[in-house]
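These notes concern the structure reproduced below.
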Amino acid sequence: MRITSLSDTVDIAVDSFCEHGEIANFCLQLLADTVKIEEKSVGIDSSTLPSVIVYKWTGKNAGRRPECGVYMGPEKYGHQIHLDCGLSDLCQAVFQFSHEYCHHLINGPLDGTDFRGLRWLEEVICTTMSLYVLRRLGEIPWLVQKCTRLGYRTPQSYLELVCKHYPFEPRMQSREWLLREAIPVLRSGTYQERLYILSAFLLLPLFESETSLWRIVSYLSDATEIPSPEAFVCRLRSASTIDATAVDSLESYLCGR
């Protein structure tokens, strides 16, 4: 992986988030174990991980979102992940990286302005991945201890910060809210960061209990062309790699059946 931190560029297999390589390595392994697919199985023609640039947007770029984009080099074509976290917040880097790495695995057009079809679901799933990874990292005593020792927020405290920034109202903690209020807005074709995060928190317990659902990243590369959640569920039912009961559970959230 190529990781660029401010002006410092290094080329090694797995370098660090915030200069702590074992945590980055653990995060990558957790993502691989979670999704249980290889990059080539989702059509990524590359034997390498995406390059990662870690820095803090400033000046005219202030407020720009983290992103997974496509870059062209003199000898290869691949994905490039930009993280907006500087070098001082490990859990923020993990949160952003997990989301963008999920986009990398989905391997869609990576157009940050096209939210047609089920692109909103891609965003929700990638955000759910971020929450899932932080939850799992928060269960690792040595990692929590290291965050505390270095003065970083722990995974749990970072999740609490996200919840504080995007507070739930009581009505938002049910599938009925997702079906009747959130999804109609999400399908409007505009970027809806708050709803992506609130919906991800709602879906997180499902993905924690039905881990085969993570393999849906193999079926979202054309998300902008999928007309409806119902059409997507039909696609998943033909997928032998995803448990049928897991698809039933997801359908109840997305379609209300």
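Every number in this text was worked out from the coordinates using simple rules, so none of it is lab data. Small disclaimer: the values here were computed from a predicted structure and weren't measured. Reconstructed Cβ throughout: ideal geometry from the backbone, glycine too, with neighbour counts over all protein chains shown.
For the subset of the stretch 111-140 comprising residues that are acidic (Asp, Glu) and under 13 Å from the mean Cα position of the chain (by Cα), which member is nearest to residue 226 (Cα to Cα)?
Here is the first cut: in the stretch 111-140, the residues acidic (Asp, Glu) are 111, 114, 122-123, 139.
Add one more test, that the residue is under 13 Å from the mean Cα position of the chain (by Cα), and what stays is 122-123.
Working: 122: 11, 123: 14 Å.
Looking at the filtered set, the residue picked out is 122.
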Out of (1) assigned to a helix (DSSP H, G or I); (2) under 21 Å from residue 257 (Cα atoms); (3) touching a Ser or Thr at 6+ places or on another chain (Cβ under 7 Å), what's the single condition that is false for residue 245? (3)
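Select, from 162, 144, the only residue that is among the aliphatic types (A, V, I, L, M) and without any contact (Cβ under 8 Å) to a residue 24 or more places away in the chain. Full working, then the answer.
On the way: 162 fails: without any contact (Cβ under 8 Å) to a residue 24 or more places away in the chain.
Of 162, 144, the one residue that is among the aliphatic types (A, V, I, L, M) and without any contact (Cβ under 8 Å) to a residue 24 or more places away in the chain is 144.
Which members of the stretch 123-156 meet the condition of being among the hydroxyl-bearing types (Ser, Thr, Tyr) and in contact with a helix residue (DSSP H, G or I) (Cβ under 8 Å, 6 or more places away or on another chain)? Write out each step before concluding.
Step one: of the stretch 123-156, the residues among the hydroxyl-bearing types (Ser, Thr, Tyr) are 127-128, 130, 132, 148, 152, 154.
Of everything in the stretch 123-156, those that are among the hydroxyl-bearing types (Ser, Thr, Tyr) and in contact with a helix residue (DSSP H, G or I) (Cβ under 8 Å, 6 or more places away or on another chain) turn out to be 127, 128, 130, 132, 152, 154.
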Just one of (1) more than 17 Å from the chain's Cα centre (by Cα); (2) under 26 Å from residue 243 (Cα atoms) trips up residue 208, so point out which. (1)
Which of the residues spanning the stretch 198-225 are free of Cβ contacts under 8 Å to residues at least 60 places away in the same chain and not in a helix (DSSP H, G or I)? 210
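Do we have residue 213 as out of contact with any Ser or Thr (no Cβ under 6 Å at 6 or more places or on another chain), surrounded by 13 or more Cβ atoms within 10 Å (Cβ to Cβ), over 21 Å from residue 104 (Cα atoms) and among the hydrophobic types (A, V, I, L, M, F, W, C) here? Steps first, please.
Working: out of contact with any Ser or Thr (no Cβ under 6 Å at 6 or more places or on another chain): yes; surrounded by 13 or more Cβ atoms within 10 Å (Cβ to Cβ): yes; over 21 Å from residue 104 (Cα atoms): no; among the hydrophobic types (A, V, I, L, M, F, W, C): yes.
Spelling it out, it is not the case that residue 213 is out of contact with any Ser or Thr (no Cβ under 6 Å at 6 or more places or on another chain), surrounded by 13 or more Cβ atoms within 10 Å (Cβ to Cβ), over 21 Å from residue 104 (Cα atoms) and among the hydrophobic types (A, V, I, L, M, F, W, C).
Do we have residue 102 as over 20 Å from residue 82 (Cβ atoms) and crowded, with 21+ Cβ neighbours inside 10 Å here? Reasoning before the result, please.
Working: over 20 Å from residue 82 (Cβ atoms): no; crowded, with 21+ Cβ neighbours inside 10 Å: yes.
So residue 102 does not fit the description; no.
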If the requirement is being surrounded by 14 or more Cβ atoms within 10 Å (Cβ to Cβ), farther than 20 Å from residue 136 by Cα, out of contact with any Asp or Glu (no Cβ under 9 Å at 6 or more places or on another chain) and of a type in the set (Ser, Thr, Tyr), which of these qualifies: 174, 218, 188? 218
